[in-house]
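Written below as structure tokens is the structure these notes are about.
The values are calculated or read from the model by the stated rules, or taken from the named source; none is laboratory data. It should be emphasised that the depicted structure is a prediction, and the values quoted were computed from it without experimental measurement. Cβ coordinates were reconstructed from backbone atoms using ideal geometry, including for glycine residues, and neighbour counts include every protein chain displayed. We work out accessible area using only protein heavy atoms, side chains counted, and drop any ligands, DNA or RNA first. Shrake-Rupley method; radii C 1.70, N 1.55, O 1.52, S 1.80 Å.
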Amino acid sequence: MDRRKSLQTLILGGAAAGTGLVFNSCKTENGESIDETITTSTEKYFGRTPAELERIEKLNAEQLFNEHEMETIAALAVVILPPKEPHGGPIEAGVPELVEFMGKDIPEMAPTLLGGLMWLDHKSNTEFGTEFKSATLEQKKQICDEICWHDTEKPLSEQPLEIQFFYTMRGLTVTGYYTSEVGIADLGYKGNTPNVWDGVPQDVLDQHGVAYDPEWIAKCVDQSKRNVIAEWDDEGNLLT
């Protein structure tokens, strides 16, 4: 399961969960209907195939980071994206858990994450006499300032480990936050909503020498009835 598919499922699944969508008319290559191969009953993992659900369960049962490392990830995530009232920040959005999951889901990412966490503590202990998670905010920022930029003329893979680590953590932190319920609330995104339509502006109608039928426009532009389903008679005349 690559990161792109994971995010697509997370975003689309979160929006569609609970709608009971079933794709009866779609068929897979072997002739099975999509609703026979796609699980739609769970909200958190909406749209996952049985094989994907099995892999998620397997990965969730594994442990990549110890408690100290998870606390360090949380401390770094808060430096990268400070919490904001009233919604919270990366910790409330579950970013540390996402980082661990991605490290297990994409094994080649794990050495960079683990090595970067070791580098943070070594750097912090050397310069400030304490592990990174226990350093002051200013000390943490000072450490991050040294690794938050990379040479754009060189591939990231050729950059020092600590720079690769910070680049990866920054991407996971921002992505994890803004694809979470907390981050979406922070953005103020409420989903697709209908616009209010008050008819064609009068100056445009005058320009073309046309006008609305008063009875018709009264039925169509009554905002108090905007959620009422229109009814028509057998001859196609609008009733309500």
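Tabulated values for the structure
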| quantity | calculated |
| --- | --- |
| Residue match in the range 118-139 (condition: open to solvent by less than 40 Å² (accessible area, probe 1.4 Å) and among the acidic types (D, E)) | yes |
| Matching residues in the range 44-66 - criterion: being basic (K, R) and surrounded by 13 or more Cβ atoms within 10 Å (Cβ to Cβ) | R48, R55 |
| Tabulated pairs, the range 159-174, first without any contact (Cβ under 8 Å) to a residue 40 or more places away in the chain, second hydrophobic (A, V, I, L, M, F, W, C) and open to solvent by 20 Å² or more (accessible area, probe 1.4 Å), C-beta under 8 angstrom, 6+ apart or interchain | I163/W149; I163/L156; Y167/L156 |
| Members of the range 157-166 that are touching a helix residue (DSSP H, G or I) at 6+ places or on another chain (Cβ under 6 Å) and open to solvent by 20 Å² or more (accessible area, probe 1.4 Å) | L161, E162, Q164 |
| Hey, Y167 in contact with a Pro (Cβ under 6 Å, 6 or more places away or on another chain), more than 30 Å from S224 (Cα to Cα), at pLDDT 85 or above and not in a loop (DSSP other than H, G, I, E, B) or not | no |
| Number of the condition not met by T152 [criteria: (1) among the hydroxyl-bearing types (S, T, Y); (2) open to solvent by 70 Å² or more (accessible area, probe 1.4 Å); (3) touching a residue at least 12 places away in the same chain (Cβ under 8 Å)] | (3) |
